[in-house]
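Trainee: Once you've had a glance at the structure underneath, I'll fire off some questions.
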Amino acid sequence: MRPVVLDTNILLDIFVFNDERAHHLKKVLFDKTTHFVASQKTIEEFADVISRPLFKLDEQTQVAILAQWQSIVEQQDDSNLAPAPWTCQDPDDQIFLDLAYQLRPSILISKDNVVLQTASRAASEDILITSDYNAFRL
């Protein structure tokens with residue numbers, strides 16, 4: 001089974017918005033039947049985003065969300081990640097591409113158009129980049 005990387009927008013759907021499209025993915029996360037991977041930098045990106053006033057999450061809720069995510073996901077060391085051969089227009093999203101590249105064959109689930117634009121190039125490296133919340137089944 002391929003390791004799965006979830007970008008911040010997908011994590012927001014799971015942990016903050018309780019998006020209906022992400023319910024099955026959330027169930028699989030908590031069942032721990034699929035291999036989800038994050039790195040310290042992807043976790044820091046998520047922490048930064050959920051701390052923004054837009055989401056109106058108090059500090060205790062933010063800590064609980066991060067603790068929950070970290071208890072589920074396998075954490076990969078950032079210090080030796082090989083950079084992906086493609087550069088993302090949004091530097092905050094590059095770490096997700098680099099992590100998926102390091103883990104190949106892998107799946108990166110994202111709603112970010114800038115990330116999704118690299119899907120065809122990533123496919124040649126055996127990385128599926130998709131917005132399909134059910135891609136983990138592949």
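The values are calculated or read from the model by the stated rules, or taken from the named source; none is laboratory data. Because the structure is predicted, anything quoted here is derived from the model rather than measured. Glycine gets a Cβ as well: all are built from the backbone with ideal geometry, and neighbour counts include every protein chain shown. The protein model used for the area step is the full one, side chains on, heavy atoms only, and it has no ligands, DNA or RNA in it. Shrake-Rupley method; radii C 1.70, N 1.55, O 1.52, S 1.80 Å.
Trainee: Can you find even one residue in the range 87-100 that is over 14 Å from the mean Cα position of the chain (by Cα) and closer than 17 Å to Ala123 by Cα?
Mentor: Yes: one or more hits.
Trainee: Please enumerate the residues belonging to the range 107-122 that are open to solvent by 60 Å² or more (accessible area, probe 1.4 Å), in a helix (DSSP H, G or I) and either touching an Asp or Glu at 6+ places or on another chain (Cβ under 6 Å) or under 24 Å from His24 (Cβ atoms) (or both).
Mentor: We begin by selecting, within the range 107-122, every residue open to solvent by 60 Å² or more (accessible area, probe 1.4 Å); these are 111, 113, 117, 120-121.
Filter again for in a helix (DSSP H, G or I), leaving 113, 120-121.
Residue satisfying the conditions is Asn113 alone.
Trainee: Another one. If you take the residues in the range 126-138 that are crowded, with 16+ Cβ neighbours inside 10 Å and in contact (Cβ under 8 Å) with a residue 40 or more places away in the chain, which one is farthest from His24 (Cα to Cα)?
Mentor: Leu128
Trainee: Would the range 80-94 turn up any residue that is closer than 22 Å to Arg137 by Cβ, touching a strand residue (DSSP E or B) at 6+ places or on another chain (Cβ under 8 Å) and either surrounded by 19 or more Cβ atoms within 10 Å (Cβ to Cβ) or of a type outside the set (Lys, Arg) (or both)?
Mentor: No; the residues of the range 80-94 include none that is closer than 22 Å to Arg137 by Cβ, touching a strand residue (DSSP E or B) at 6+ places or on another chain (Cβ under 8 Å) and either surrounded by 19 or more Cβ atoms within 10 Å (Cβ to Cβ) or of a type outside the set (Lys, Arg) (or both).
Trainee: Within the set of pairs 6+ apart or on separate chains, which have a first residue in the range 16-27 that is without any contact (Cβ under 8 Å) to a residue 12 or more places away in the chain, a second that is surrounded by 13 or more Cβ atoms within 10 Å (Cβ to Cβ), and C-beta atoms under 7 Å apart?
Mentor: Asp19/Asp13
Trainee: Now, a different point. Could you please let me know if Glu74 is at pLDDT 95 or above, of a type in the set (D, E, K, R) and over 24 Å from Thr33 (Cα atoms)?
Mentor: On the way: at pLDDT 95 or above: yes; of a type in the set (D, E, K, R): yes; over 24 Å from Thr33 (Cα atoms): no.
Here the answer is no, as Glu74 does not meet what is asked.
Trainee: When the range 98-119 is examined, which residues are found to be touching a helix residue (DSSP H, G or I) at 6+ places or on another chain (Cβ under 7 Å) and free of Cβ contacts under 8 Å to residues at least 60 places away in the same chain?
Mentor: Across the range 98-119, the qualifying residues are Val114, Thr118.
Here is a yes/no grid of residues against (1) open to solvent by 10 Å² or more (accessible area, probe 1.4 Å); (2) closer than 17 Å to Ala135 by Cβ:
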residue	(1), (2)
Ile10	no, yes
Ala22	no, yes
Lys27	yes, yes
Lys32	yes, no
Ala38	no, yes
Gln68	yes, no
